[in-house]
1. Obtain the nm distance between the two label points defined at R385 and R113 by a simple spin-label model: each point lies 7 Å from its Cα along the Cα-to-C-beta direction.
2. Across region 68-79, in residue order, what do the Karplus-derived ³J(HN,Hα) couplings come to in whole Hz, using 6.51 cos²θ - 1.76 cosθ + 1.60 with θ = phi - 60° and x for Gly and Pro?
3. Calculate the FRET efficiency for A406 and R269 from the Cβ-Cβ distance with a Förster distance of 60 Å, rounded to the nearest 0.05.
4. Run a plain Debye calculation on region 45-243 (Cα atoms as equal point scatterers, no solvent) and give log10 I(q)/I(0) at q = 0.08, 0.12 Å⁻¹, rounded to two decimals, same order as the q list.
5. Convert each backbone phi in region 162-179 into a coupling constant with the Karplus relation 6.51 cos²θ - 1.76 cosθ + 1.60 (shift: θ = phi - 60°), then list the ³J(HN,Hα) values in order as whole Hz, x for Gly and Pro.
6. So what is the calculated 222 nm ellipticity per residue for the chain, using -39500 (n - 2.57) for each DSSP H run with n of 4 or more, over all residues, to the nearest 500 deg cm²/dmol?
7. How high is the relative contact order of the chain, given as a whole-number percent (alpha carbon pairs under 8 Å, six or more residues apart)?
8. For an R0 of 25 angstrom, estimate the FRET efficiency from the Cβ-Cβ distance between S62 and Q146 and round to the nearest 0.05.
Amino acid sequence: MKPTMRQGGRAGIAVVRLAAAAAAAILLFGPLTLLFGDSPRRQKPETFRLGAGEDVLYQKDSSSAMTVVELFIAGGKSAVPAGKDGLAYLVTRLTLEIPDFSAAQDVMAQATRMSVSVLEDCSVVSLECLSENLEDTLRVGSGIIQAPLFSGLRIDNVKKGMSLYAKADEDDAVATGHDAAMAAFFGRRGYGGADYGTEASLKAIDKKDVASFYGRLFTRNGVFFSVCSNLDKETVRPLLEKYFTRFPAAPAAQLTPTPSSLPGVREVRLEKDTKQSYVAMTFLFPPAAPADYARGYLVEVLLGVGPGSRLWNLRAAERLAYNVGARTTWTKGNGVLEAYLETENPKKDKAVTALEAVLKSLYDGGVTEDELSMTKSLARAQLLRSSEAKKFRARNVGFWRVLGLAFDDLDGVFARLDAVTVDEINAFIRELLDPAKSVLIIVGGKDGR
């Protein structure tokens with residue numbers, strides 16, 4: 001079905017606004033991109049292997065005297081057994097549970113930041129410090145990570161914190177909507193499980209579960225490092241080899257992606273006593289592969305990244321939302337695209353209709369050469385911005401490796417984006433943004449509130 005005149009008009013407005021946004025991005029990032037030709041943001045990371053067997057992705061960046069060490073552990077949510085939601089976060093968090101007061105003093109004196117993240121196919125332990133303190137940071141951090149204390153008291157304390165994080169997510173409509181989308185496509189386990197567990201799952205997890213999960217995944221064949229530092233590789237390598245020697249040489253755990261399916265009921269409504277509502281149309285993307293990752297990222301930017309995107313008109317002109325956006329969660333199994341908005345309750349029904357119309361217009365009409373070219377410019381600017389900080393640059397490179405993508409640096413992603421043709425992107429849209437294959441997610445206040 002061809003777009004109606006009104007739908008076509010909206011698409012035309014979107015192209016004009018996208019052109020303006022692209023021009024602004026080029027003005028802002030064009031000179032920087034020229035500078036980036038030889039900058040650390042565009043350099044291909046080096047790969048080397050420690051004497052104990054762990055791989056290291058190393059990026060040299062002299063822009064600041066800071067070092068970021070990211071330890072990637074295979075598994076993440078995909079490795080969590082049924083009924084044990086939250087186990088991946090619990091175990092990973094325990095690897096940074098400071099054992100005593102002297103270690104806490106060391107961390108504070110070094111101004112070291114330590115954090116954990118649990119994604120669908122991996123967990124990440126992050127150490128950030130002044131480069132002059134790198135050895136002390138690795139000494140303290142590696143000692144905890146490689147020999148965590150799984151006492152009942154420590155486990156219970158982390159569980160209490162997880163319950164608070166879960167409650168905070170319940171109060172965040174965007175987070176709740178994301179969890180609902182993942183559960184709709186993957187069920188209530190693996191990718192679709194609760195990040196911080198449920199009351200029942202946390203009660204079901206005991207010390208044996210924690211020790212077993214750690215022993216299965218924290219092995220030389222199950223971990224690798226991504227490092228970004230102003231220090232030379234010859235300085236970083238011997239420090240990693242000195243302090244990370246105690247991961248066991250066990251075989252890598254056998255992990256499989258969580259299977260996906262289109263649910264029979266393609267609408268999820270989670271009523272909450274709020275004055276606002278979150279509305280999203282969600283779609284299942286193919287498993288992560290270089291070409292599909294590039295197409296999917298372009299669709300994400302086209303739909304909801306910044307002024308000029310297809311969804312922006314719902315906020316700027318129609319006043320149906322105070323926030324619009326799009327995001328894709330990539331896994332080894334499938335990606336999940338969420339095109340969403342946040343609106344006031346009285347506008348909820350109109351917002352749902354308008355959101356569906358925007359996606360239907362894109363599905364029916366596709367994009368033009370000009371709109372695709374502008375979207376590519378915005379996508380490049382977005383990637384440059386997301387790779388500005390050392391931590392996120394190290395995270396991106398490690399994440400691409402986890403997914404098995406052939407991206408060693410930003411230039412690899414840029415090349416894939418540039419290779420996407422208008423026929424390819426429109427075929428991708430026609431295959432994957434079919435309204436009959438979507439799931440509608442609504443989180444928020446009841447009608448009339």
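1. Taking the two extended label points, one gets 1.9 nm.
2. Result, ordered by residue: 10, 10, 10, 9, 9, 10, 4, x, x, 5, 5, 8 Hz.
3. Working: r = 41 Å, r/R0 = 0.68.
Approximately 0.90, to the nearest 0.05.
4. The computed values of log10 I(q)/I(0) come out as -0.29, -0.64.
5. Residue by residue, region 162-179 yields 5, 4, 5, 4, 4, 5, 4, 5, 4, 7, 9, 5, 5, 5, 5, x, 4, 4 Hz.
6. Mean residue ellipticity at 222 nm (helix-derived): -15000 deg cm²/dmol.
7. Working: 824 pairs, mean separation 105.5, N = 449.
Relative contact order comes out at 23 percent.
8. 0.25
Every number in this text was worked out from the coordinates using simple rules, so none of it is lab data. In this text the structure is predicted, and so the values were computed from the model without any measurement. Here Cβ is always computed from backbone atoms with ideal geometry, including for glycine, and neighbour counts include all displayed protein chains.
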